[in-house]
Structures are given as C-alpha cells and as structure tokens.
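The values are calculated or read from the model by the stated rules, or taken from the named source; none is laboratory data. No experiment lies behind these values; they were computed from the predicted model shown. When we count neighbours, we look across all protein chains shown, and the Cβ atoms used for this are built from the backbone with ideal geometry, even at glycine.
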Amino acid sequence: MSRTAAASQRARFPDPERPQIAFTDVTLDLGGKTIIENISLDVKPGEFLCIIGASGCGKTTALRLAAGLYQPTSGTVTFDGKPMLMPRRDIAIVFQDYGKALLPWRTAAGNVSLALEASGMPSSLRAARIDELLKKVGLPSHAGKYPAEMSGGMQQRLQIARCLAQEPKALLMDEPFGALDAMTRQGLQDEVLSLVEASKATVIFVTHDLEEAIYLGDRVIGLLPHPGRIGIELRIDLPRPRDQLTTREDPEFLRLRRELFDFIKASEA
Amino acid sequence: MIPERAKAFLLPVAVLVLLEIWARAIHLQSDSLAPPSAVAIALVEAFKDGSVLTATRDTLISAFAGLAIGGAVGLAFGIALGIFRIFDRLMEVTIESIRPIPSIALLPIALIALGFGYRMEIVIVAFACVWPILILSRAAIGGIEPRLIEVSRALRLSPADRVRKIIIPAALPRIFLAFRLAAGIALIVAVTVEIAINPIGLGAAIMTAQQALRPDLMLAYLLWIGVIGYLLNTGLVVAQRHLFGRAALVREAT
Amino acid sequence: MNRSVLIWRAASFLVAAGFVALWQMIANLRLVSPVFLPGPDRAWASLVRGFSGGDLWSKLLGTLEHMAYGWLVASIAGIALGAAIGSSRTMRSYVAPSLEFLRPLPVSAIIPVAIAMFGLTQGMALFVIAFGAIWPMLLATIHGFAAVEPRLYEVARSLHMSRLAVIFKIALPSASPDILSGMRLSLTVALILSVVCEILAGLDGLGHWILLSARSFRSADLFAGVILLGVIGYLTALAMSMVERRLLKWRPGDR
C-alpha cells in the first residue's frame, strides 16, 4: 500500500483495530417480552457484517439498536466508543419499506436534497451534489420524477442515494431488497458492494436470504429466536470483488451456505 | 396512568366544573351565557312540560321524511346512473349544474310556495339529501368488484336477477353508508331551516329561548340538539356494524 | 383531452340545454304559476338587469365577503389548532373524543348564541361562519397530522432535523391532502352559513336578496339569486379542485 493511501486510511479510521460499532451484553425488552438477550458483538471500521436468522429472531431490532432508534434495557451500544443514545447524522439507515421512507411529495432530487438541507449545505452547492449522488446510484435522468412514478428498485436506489448524502460512516440496511424481484435484487447487490467499496463505510446488513448474506459480507452472524441470541458466526473469506456467477459457484460459498442452512433449520426446530 | 376511557371525559368535565365555579363567582347575569347547573335544570324543566319532546318529534319527522324522499330519488337516480354509463355521461352537465346550489337557497322559494310548516322543511331537506345519496350510490354501483359482474354473466342471470342478487347486495354497505351521512345532513338542514325561519321543531325552540332572553334554556336546547345528533350518528354506526360487519367500516376509513 | 371525452361533454350540454328548453316550455304554458316559476328568459333578464344597473353586484360581493372572512379565520385557526392537537398523542387522547362528540352537532345551532352575544350584526355573521367553517378544517387537519407515516419521523430523527423542519417539511406536506379536503368542506359550510345569517339578520348579500324577492313575489329576481348562489358554489368547488390538482400532483392518482 502506498504511503498516501496508508495515511488516508489512518485518517479515516483513527484506530483500525478498535471496533466502530460495539454491542456489550445488550438486552432489549419490549412490551413485556425479551426480544434480544445478552448480545455482544464488535464491528470493525469498514467491515461488511450480515445478520441472518429466522423470523422473529430480533435481527431488525438489533439493527435499530445500532441505529439509536431503540435504547437497550441493559448493556450498552457504542459507536466510536460513545454510547448511542439517539440516532446520529453520520449513521444512515436504509429501510425495507422504501415507499414509506421517501417523501412522496418531493421529486427524486428533492428527496436527496432533504439530507443535504438537514446538514446545512448551502442551496447553491446542493444541485451539483444531488446530481453526483443520483448518478452514483444509477438514476441520473430521474431527478424530476416523483417516487410514485418510479419502480421499486429505483425507489430503493433513491433511498440509498439519500443515505449517501449523509456522508455516512456507517450504513445500516434492514432487508433492503426483500420487497424486490430476484433480478433487481442481484443488480442492487453489486451496486451496493461498489458504493460501499468507494465510500469505505461500515455496513450492518440484515437479511433473511442466506446466499445474499454470504455474497455480500465479510462476516455473517446468525441469530437464534425467542429470545434473540447469537447462534453462529462465520468469517467469509471469499475473494473480492465478488461476482454473481463465479462467487456463487465457489466451493467455499457452497460450504458456507450449507452451514448456514443447517443452522437455520436447527433454529426453527 | 389514567385509562383511555377516563381521558375522554376529563376535558369536558373539567371545563364544565370551571365554568360553573366562574359563573357562580361573578354572579353571572347575561343574555348569552348561563352556569351549567342552570342549563341542566332548564333542560329537565323543558322535558317535564313536554316542549322538548314535541320539538324533537317535529324536527325528526321533517328530517326523516326529507331523508326518505330525497333518499329514494337519489338512490333511484344513483343506481340508474351507476348501471347505465351512457345515461351517466349525458346527465353530467345537468347534475353538476344543479348540485352546487346550497339547499338553503331554496328556502324562500319553498316559503312562498308552501308557507310555514312541515312541507317546506321536508322539501328543502329532501333536496339536500338527494345529492350525497345520488353521488355515493352511483359510486357504490361503480365500485362493485368487476369479477362479480363477470360471474353474473357466466351464470346467465336475467337483468332483474342480476340487479337483485348481485348488484344490490354488493353495493348495499356503501349505500347504507351514504344514508348514514345523509341522515346527518338531514338533521343539520332541518335544524337550520327552523333556525332561519320555520316556527317548528328544535331550531325554533332554541331561537325562541334566545329571544325570550333565557340563556339557560337556549343552551339547554343547544346541548340537547348535540345529544340528538350524537345519538343519531352512533345509532347508525352501530346498525352499520351489526348489519355489515367490520369490513364496511374499514372501507369507509380508507 | 381526447375526442370521445369532448363529444360526450357536448352531448351532455345538449341534454342540459334540453332541460332548460323544457323549463321554458313549462313556464310559457303556465303549467306552474309565474309567481312561483319564472321562465329561464325572465330569470336571465333579471340577472342582466341586476348586474347592469341594479344591486346584484353588491349583493354578490356581500355574500362573497362574508364567506371569505369567515373561511380565512377558520382556515388559519383550524390548521394551527389541528396541527397542535394532531401531532401530539397526549393531546389527541384528551381532546379527540370531545371533538368526535361535537362532530354531528348542527353548527347552525350556535346562531342563537351568537345573536345573544353580538346581536344581529356583521360580527355575529363572522363568528357563526368562522365557527361553522372551523370544524371540517380542524378535524381534517388533526387526522392528517395524526396519520403521518411514522417511518418518516424516524428518517427525520436520523437526519437530526429541527422541530420546525419536521413540521414544515414532513408533517404539513403529508397532511396536505386531508387539509385541502377539509378546506373544500369548509367553503361549502361558509356559503351555507353566509346565506342563513343574511336571511336572519338582513345583512347585505344574496341571502337577503332572495328573501326580499320572495316576499315581494318577484320570482325572476329570486331565481336569479338562486342561480348566482349555485354559480358561487360551482366556482369555489372548481377553484379548490384546481388548487388540489396543482399541489397534489405527486399523488399516485388513485381517486
């Protein structure tokens, strides 16, 4: 690695060994039920962590705790060492129900602009940044369209563009492709990988699709349900950049898939 | 934690108590306001001498008669417009021209044609009720699941049978809703006509109380009119739920 | 606008014209006494007369003024109050049930109270019209603010949007369809109450005009006034539709 590259890497991640997101013995009770119990995990800066599990295992809850939308009943959730008491502007959340997370009365450009307005960017600079972001997610000519005029895949990309406008240090994605068809999903998986590669953001990606988790992640954590606890943790040592055909045929991919499949089967029993 | 039910009553009870205390404290002498206790007493007195019941009967007769006539006309036209699209398109300009006329504008015409009394009020209420029922029953027919129409054709039902067995039952929940809304309108229009000019019913009673400088009786009638409106609406909501189940109410909310 | 729509619209006009011709025939044949039913020719003549030399303009403006002032006061108060109540769950649970009870109350019943307080004056009319017009606005605004998609509030928290920004950039636009439909209803109520107050208190306006015409058996003038009231109703509804269409063009167009 060249000296300037190493220097910029150090500036971005002051201490690459210290976890960026850390859960320490986190328990969350909601409505009288224990949703997750004693979860501890560390996410390193720039890491792509996937969380999988059967329905009701609390993976969305864990994500919302990392986002600061929920507060743990006991234990702590920290970001860069500081406790997450409320959402942070530099942590972006990509919701599964993209239709509900976009402003239907604003155009695509308007939706991206919302994040820029919130961070106080002067209006003269916004237009260029909006163009840049829309181009990055592959919606360059759709700036004037309303969400209702866009397909599901396009709306999800728009949400991602708005999240990128927050210049996020971390990207929290809650089953973002769950509502989309298989082909759109695969296209977006690759897009997310390249966007994350470029921005070097830390990612926590929740999904119920085992193959998606292995394809995207550096690490996969599987949760057991009722209450949610960590049941399995796998390192994904597949080469990057990933490819939809070759990576999915890699024997290591198939082995990991088998292992996760057995885990899910056992956890549903 | 205060239970949800109690919260609903907290505000009105608090307001009434405060009003009572304030009115007593300043020895209220006014033509327009009276302490809640005086209002309650006036209402009870008016019940005892039968004036409330007479007035209520008069208003409700006018309202329901108008609703029945206007409803029948509106329903017949609405169903016809809903079934025969050509008729609907041809009548569009005529209907859209007459509909915006406020029913109260007919008051002077009805007055000189029919004089004071039930008939003029019924005519005005009927005119007001025709439109919501016409529009909504037309929409109810138009909103019938097309699949049902296809089924009726596949079963080769005669036109009369189709109307009787498929169209009317399918449209019935929304038609009932239309009548429920129109009932509210009927009451409002009836009371308004009475307040404006007609010397019968609750509207006339409340105006008379005001002119006699009896704020307690006036407010008593105001309260009673509110109660009647509430009971009418709630009664119809209960009937709707009973007849058509939750599905109809859910659809109304969307 | 495509051709078939235009053709049907023209045919519809022809049908309406046919009804007017029928009306003229009934009037000419004196099937109903001309004291009660003037022909369309006489009604039209009265309209022309009233506008070219007579009082009709000032009467029309009188009614429009009553409507406008009352409706404006009601809109501002209704939206402000509705926003305050609708955006707070605690407020809603205490206030909403009372409002639900008051919803079916005929608003014209407030007129005698207003007369007792203000006499038969313009002030009374303004109070009554504003009071009547505020209810649809208030209830619709509360509903609109209460129904804001909760996910959008989470987005706002994530972006650290200020409270003011949340109200003006998220809650208000989200509630705007409800608010606009409340405004539409309010306009109808304002028109009706204007007419009633003019009839009762003899205030300058079309309501007073039609009452006087009826009392002096000037049926042509009476019909002219009624037609004008219908025109006001039609034009205000049309104006609201146009405003709605412009402001709500982002809607997926389900209605």
* Would you check if there is a residue in region B:97-107 being out of contact with any strand residue (DSSP E or B) (no Cβ under 8 Å at 6 or more places or on another chain), within 17 Å of residue B:204 (Cα to Cα) and not β-branched (Val, Ile, Thr)? => yes
* To do: Being outside any loop (DSSP other than H, G, I, E, B) and at the interface with chain B (Cβ under 7 Å from one of its Cβ atoms) is the filter; apply it to region C:103-136 and report the residue that is nearest to residue B:226 (Cα to Cα).
  => C:109
* Asked: Looking at (1) in contact with a helix residue (DSSP H, G or I) (Cβ under 8 Å, 6 or more places away or on another chain); (2) within 14 Å of chain C (Cβ to nearest Cβ), can you tell me which one residue B:29 breaks?
  -> (1)
* Asked: Name the residues in region C:156-206 that are of a type in the set (Ser, Thr, Tyr) and more than 9 Å from chain A (Cβ to nearest Cβ), would you?
  -> C:181, C:186, C:188, C:194
* Counting residues that are over 26 Å from residue C:233 (Cα atoms), in contact with a helix residue (DSSP H, G or I) (Cβ under 8 Å, 6 or more places away or on another chain) and at pLDDT below 90, which helices (runs of 4 or more DSSP H) fully inside region B:50-157 reach at least 3? -> B:146-154
* Within region C:122-135, track down each residue that is touching a helix residue (DSSP H, G or I) at 6+ places or on another chain (Cβ under 7 Å), touching a residue at least 24 places away in the same chain (Cβ under 8 Å) and surrounded by fewer than 24 Cβ atoms within 10 Å (Cβ to Cβ). => C:124, C:126, C:130, C:131, C:135
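Here's the yes/no breakdown for (1) among the β-branched types (Val, Ile, Thr); (2) farther than 23 Å from residue C:98 by Cβ; (3) loosely packed, with under 14 Cβ neighbours inside 10 Å:
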position	(1), (2), (3)
B:10	no, no, no
B:16	no, no, no
B:22	no, no, yes
B:30	no, yes, yes
B:34	no, no, no
B:46	no, yes, no
B:59	yes, yes, no
B:63	no, yes, no
* To do: Look at region A:64-94 and say how many of its residues are within 13 Å of chain C (Cβ to nearest Cβ) and buried (at least 22 other Cβ atoms within 10 Å of the Cβ).
  => 7
* Would you mind finding the one in B:40, B:14, B:23 that is in contact (Cβ under 8 Å) with a residue 60 or more places away in the chain and on the phi < 0 side of the Ramachandran plot? => B:40
* region B:161-198, residues that are within 13 Å of chain C (Cβ to nearest Cβ) and within 14 Å of residue B:70 (Cα to Cα) -> B:180, B:181, B:182, B:183, B:184, B:185, B:186, B:187, B:189, B:190
* Could you count how many residues in region A:48-99 are over 20 Å from residue A:260 (Cβ atoms), in contact with a strand residue (DSSP E or B) (Cβ under 6 Å, 6 or more places away or on another chain) and of a type in the set (A, V, I, L, M)? -> 9
* Residues that are of a type in the set (Ser, Thr, Tyr) and over 21 Å from residue A:191 (Cβ atoms), drawn from region A:235-269 -> A:267
* Structure fact -> Selection from region B:208-238 of residues in contact (Cβ under 8 Å) with a residue 12 or more places away in the chain, at the interface with chain C (Cβ under 9 Å from one of its Cβ atoms) and small (Gly, Ala, Ser) yields B:209, B:229
* Structure fact -> The number of residues in region B:96-147 that are within 30 Å of residue B:83 (Cα to Cα), under 17 Å from the mean Cα position of the chain (by Cα) and in contact (Cβ under 8 Å) with a residue 24 or more places away in the chain is 17
* To do: Mind listing whichever residues of region A:142-180 are in a helix (DSSP H, G or I), of a type in the set (Gly, Ala, Ser) and more than 28 Å from residue A:57 (Cβ to Cβ)?
  => A:148, A:161
